[in-house]
Amino acid sequence: MSIAYKLFGVPKTLDEFLDKVKRKGYNKVNINLWSYDNDDGFGPFNYHTVVDIRAGKIKLKLNEYTYVRTWNLNDTIIGKAKIELAALNEAAETADKLKIHGLESTINNKSTDELKKEISKYAGEILEKEREFNK
């Protein structure tokens, strides 16, 4: 258990989050995927995709994926898509872990089954784009 959790009740790991959610009696968890661009001032924007989970007022940031854009548009499109796919996969894996612990979960307010279909479709689209750009 982390010191922040022991002293302030702020979860820093998934296990601490699950412990607090169960103690509070929540049974629904929302997994959020969101993204933003930031400018470091020295070139193209960096693209970030963040995965976090929330139950009531309890929040935990699971991971942040970063892609440093290049001046090549094709590389940027594929790189951005790959980190979005990695974030989607992590969200789906987290939903499976939550299900094991008896918690209902949605990913950006969509069902996990719906998202898993989107993941396989999105992975196929990325492969097609790579083939198209590498011709």
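Please work out which residue is modelled with the highest pLDDT, limiting yourself to the range 1-25 and to residues that are outside any helix (DSSP H, G or I) and in contact with a helix residue (DSSP H, G or I) (Cβ under 9 Å, 6 or more places away or on another chain).
T13
Out of T94, T70, T49, I need the residue that is at pLDDT below 90 and of a type in the set (V, I, T). Which one? Let's see the steps before the verdict.
Details: T94 fails: at pLDDT below 90; T49 fails: at pLDDT below 90.
None of the others qualify; the one that does is T70.
Each row is one residue, and each column tells you yes or no for (1) in contact with a His (Cβ under 8 Å, 6 or more places away or on another chain); (2) free of Cβ contacts under 8 Å to residues at least 12 places away in the same chain; (3) under 30 Å from R23 (Cα atoms).
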residue: N46; (1), (2), (3): no, no, no
residue: T76; (1), (2), (3): no, no, no
residue: N89; (1), (2), (3): no, no, yes
residue: T112; (1), (2), (3): no, no, yes
residue: R131; (1), (2), (3): no, yes, no
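One line per residue, one yes/no per condition, for (1) surrounded by 13 or more Cβ atoms within 10 Å (Cβ to Cβ); (2) over 21 Å from D15 (Cβ atoms):
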| position | (1), (2) |
| --- | --- |
| K82 | yes, yes |
| A86 | yes, yes |
| E90 | yes, no |
| D96 | no, no |
| G102 | no, no |
| S105 | yes, no |
| D113 | no, yes |
| K117 | no, yes |
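The values are calculated or read from the model by the stated rules, or taken from the named source; none is laboratory data. Bear in mind the structure is a predicted one, so any value in this text is a computation, not a measurement. Positions of Cβ are generated from backbone atoms using ideal geometry, with glycine treated the same way; all protein chains shown enter the neighbour counts.
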